[in-house]
Amino acid sequence: MMDRDALLDRALSMADEEDWAGAAELLRDHLSEFDEDPAVHCWLGVFERELGMDGVAYERFKRALALDPTDPYVLATAGNGLAWFDDPDAEQALRAAAVTAPDVAVGRFLYGAYLAREGYLEQGLDELRAARELDPEDPQIAYELGVAQSFAGDHERAADVLADAVRLAPDDGWIRVVFGLELLEADRFDEAAGELLAGARLREDDVYAQLAAALALSLIHISEPTRLR
C-alpha cells in the first residue's frame, strides 16, 4: 500500500506542472486504498474539475465533506469546490475552515470571498482582511479583497488593493483586466487603458479582455480627444 502523504505529494507535484490528467489518474489508481480519506477525494475533485469533469468533481467534493474532515485545507478546498456549483453546503464547510483554524490564511480567504460574493460584504471584508494579514504576499487574496471592496462601492480602495495584486502577479492577465476596469470606475482613464491593454496582451484569446481594452481606448478618446490626434 502506498504511503498516503507520498501519494498526495506526488499528485500535487504533477498538478504544479499542470499535468491534471496524470495527477487525477494517479489518485484514481489508488482510490480503493484511500476511499475513506477525505483529502484524496478532495484533491481528485480539484484535478477532475480542471479537466472539465464538473459533475464527477462535484461528487468528489461531496464525498470528501461527508467523511467529516478536520483538516482546514480540505474543508476550505472542498467547500470552495461546492461553492463553484452553488451548493448551499459550501458555507458550512468554509465557515468551519475559517473558525477552526483562524491562523490558516486559505480558510479565511475562501470564506471571505464566498461571503462577499453572496452579499455579506462586511463579514466578507473582515475575513479577507484577516487573510491578507496572515499572507500579505498572496496575489489571490489581494485580488479577492479588491473585488470585495468594489462590491462595497469603494473603488479607490479597490484599485489600490488590486494594484498590489498586480505587483504580486504581474503575468496574471485576468487580475490586470479587473484592475483596469476598477480604474475606469475610479475615473483614472489613462491608467486603466494601460492595464487593460496589458491584460489583453496576456489574454489574447479572451474576447472580454479585448473588448475591455477597446472600451478603455474609446473612453479616453471621448474624454480627451485632442491628446490622441
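The values are calculated or read from the model by the stated rules, or taken from the named source; none is laboratory data. These numbers were taken from a predicted model, which means no experiment stands behind them. All Cβ positions, glycine included, derive from the backbone under ideal geometry; neighbour counts span all protein chains shown. These accessible areas exclude ligands, DNA and RNA; they are computed on the full protein's heavy atoms, side chains included. Shrake-Rupley method; radii C 1.70, N 1.55, O 1.52, S 1.80 Å.
Extension gain for the segment E36 to V99, taken as residue separation times 0.36 nm less the Cα-Cα distance, is 20.3 nm to one decimal.
If R0 is 25 Å, what FRET efficiency do you get for M2 and W174 from their C-beta distance, rounded to 0.05?
0.10
On the beta carbon distance between D206 and Y73, with R0 = 22 Å, the FRET formula returns roughly 0.15. Stretched out straight at 0.36 nm per residue, the stretch from R167 to E17 would grow longer than its current Cα-Cα span by 51.7 nm. Taking all protein chains into account, the per residue accessible area for the chain stands at 52 Å² (1.4 Å probe).
Please state the relative contact order of the stretch 9-99 as a whole percent: Cα pairs under 8 Å, 6+ residues apart? Relative contact order comes out at 20 percent. For the chain, the relative contact order works out to 8 percent when only alpha carbon pairs closer than 8 Å and six or more residues apart are counted. Estimated from helical segments only, the mean residue ellipticity of the chain at 222 nm is -24000 deg cm²/dmol, where each DSSP H run of four or more residues counts as -39500 (n - 2.57).
Among residues other than R203 with Cβ under 15 Å from its Cβ, the summed charge is -4 (Lys and Arg +1, Asp and Glu -1). With everything on Cα atoms, drop me the angle between helix 155-168 and the longest principal axis of the chain, reported from 0 to 90° to the nearest 10. Taking the Cα atoms of the chain, the angle to 155-168 is about 60 degrees.
With charges set only on the Cβ (+1 for Lys and Arg, -1 for Asp and Glu), what does the dipole of the chain come to about its Cα centre, in debye to the nearest 20?
Details: 20 positive and 49 negative charges, 142 e Å.
In total the dipole reaches around 680 debye.
Working ranking of peptides 74-83, 102-111, 198-207 by packing, defined as the average number of other Cβ atoms within 10 Å per residue, highest first, is 74-83, 102-111, 198-207.
For the listed peptides 140-153, 23-36, a ranking on the average number of other beta carbons within 10 Å per residue, highest first, reads 140-153, 23-36. Express the carbon and sulfur contribution to the solvent-accessible surface of the chain as a percent, rounded to the nearest whole number, probe 1.4 angstrom. Of the solvent-accessible surface of the chain, carbon and sulfur hold 50 percent. Between the helical axis of 89-100 and the longest alpha-carbon principal axis of the chain there is an angle of about 90 degrees. Hey, what angle do you get for helix 4-16 against the long axis of the chain, alpha-carbon based, 0 to 90 degrees rounded to 10? Computed tilt is about 30 degrees.
For the stretch 48-75 versus the stretch 1-44, the spacing of their alpha-carbon centroids is 12 Å. Set the Förster distance to 45 Å, then compute FRET efficiency between S218 and L121 from the Cβ-Cβ distance, nearest 0.05. The value I calculate is 0.90.
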